[in-house]
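Before any comments, here is the structure.
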Amino acid sequence: MDTVAENNAVTGDEKNIKGKLLEFHVKMKLRGYKDATIRLNQSALNTLINKGADLADSESVKKVISMQSWSGNRIRNVCNAYTSFLLYLGLTWEPPLYTVIRKIPFIPTEQEIDDLVAAAPHPLAPFLQLLKETAMRRGEAILIPWKDVDLERKIIMCNCPEKGSNTRIFSELSGKLLNMLNNLPRENDLLFGTATEGILKNQLCRTRQRLAFKLGNPRLTNIRFHTLRHWKATMLYHYKPDILEVAEFLGHKDLENTRLYIQLEKSLFKNLPNDQFMTKVAHSTEEACKLIEVGFEYVTGEYDDGGKIFRKRK
């Protein structure tokens, strides 16, 4: 079918297009697409309409895209959404050319993450701590049901992976995280109850802005939910440079998605000595437990003052 025939196959009537869009999104839901994917498609197609594109005319869509100062990533998302919509209508098009550049993500320090968690309200604080320790995506974490959480055995399962990832199980959870999760109210079957991604995102924006001003550290405003996934993966590779183990932890099926963290680790730690440690002294079993829960390991002791030395890589 040529372009003219394609354009004639679908009426340009705005009301009819909106009806087709609604049918398309319902069809995606019935076919099992994730809510995040459906929302992404809705947003992209609505943006095209708001910019003046006629979704019944692929040349109109191309013209609108060419007038935007969008990144290659944004153009890819919009083109993918429009391609899916046309396939639903039984049509095809020739997308415009674009270049996708994978930007180097911002990696905060652990102290900056801990500062943000400490300043965050509920339920944002336990949500951030969970992302920090498990590297889950926010959409995966928000869908965790209580039945996939075993606080007694210190286990959390990710059975709703996104982007075609593998399911995962996390067992090395800190006492800090377990206590935070144990204090969450059981409003429904979900771990984070009635909290939505939108509510948590608004809390994050307000908290990081307030904390950045209070601490005089504008870097905090760059921390997003996905930033914690990048941080965790980079640290995993730093402490144990095994790309297969990092890929398994993240749920990656393609190692190309994991190689980014090799590059990040080399860049972040190339100017640091191999053995830089923070040290702490514990004078009681309680103090020792608290240090172990935040990643310190026992080195040696006991000394005249009764202390035992623990260390953690910087």
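Scanning region 112-131 for residues that are closer than 15 Å to Phe170 by Cβ and either in a loop (DSSP other than H, G, I, E, B) or in contact with a Phe, Trp or Tyr (Cβ under 7 Å, 6 or more places away or on another chain) (or both) yields a total of 2.
Would it be correct to say that Glu248 is touching a residue at least 40 places away in the same chain (Cβ under 8 Å), on the phi < 0 side of the Ramachandran plot and acidic (Asp, Glu)? Answer is yes for this residue.
Screening region 1-86 for helices (runs of 4 or more DSSP H) wholly inside it with 2 or more residues that are aliphatic (A, V, I, L, M), modelled with pLDDT of 90 or more and within 23 Å of Ile101 (Cβ to Cβ) returns the ranges 35-50, 58-66. Considering region 217-241 alone, what residues qualify as being outside any helix (DSSP H, G or I) and either more than 21 Å from Ala118 (Cβ to Cβ) or of a type in the set (A, V, I, L, M, F, W, C) (or both)? Within region 217-241, Ile223, Lys240, Pro241 meet the criteria. Report the residue count in region 90-111 for those that are in a loop (DSSP other than H, G, I, E, B) and over 18 Å from the mean Cα position of the chain (by Cα). Here the count works out to 12. If I filter region 221-229 for residues that are among the charged types (D, E, K, R) and crowded, with 19+ Cβ neighbours inside 10 Å, do I get at least one hit? For region 221-229, residues among the charged types (D, E, K, R) and crowded, with 19+ Cβ neighbours inside 10 Å: present.
The values are calculated or read from the model by the stated rules, or taken from the named source; none is laboratory data. The model shown is predicted, which means the values in this text are computed figures rather than measured ones. We place every Cβ from the backbone using ideal geometry, glycine too, and count neighbours over all the protein chains shown.
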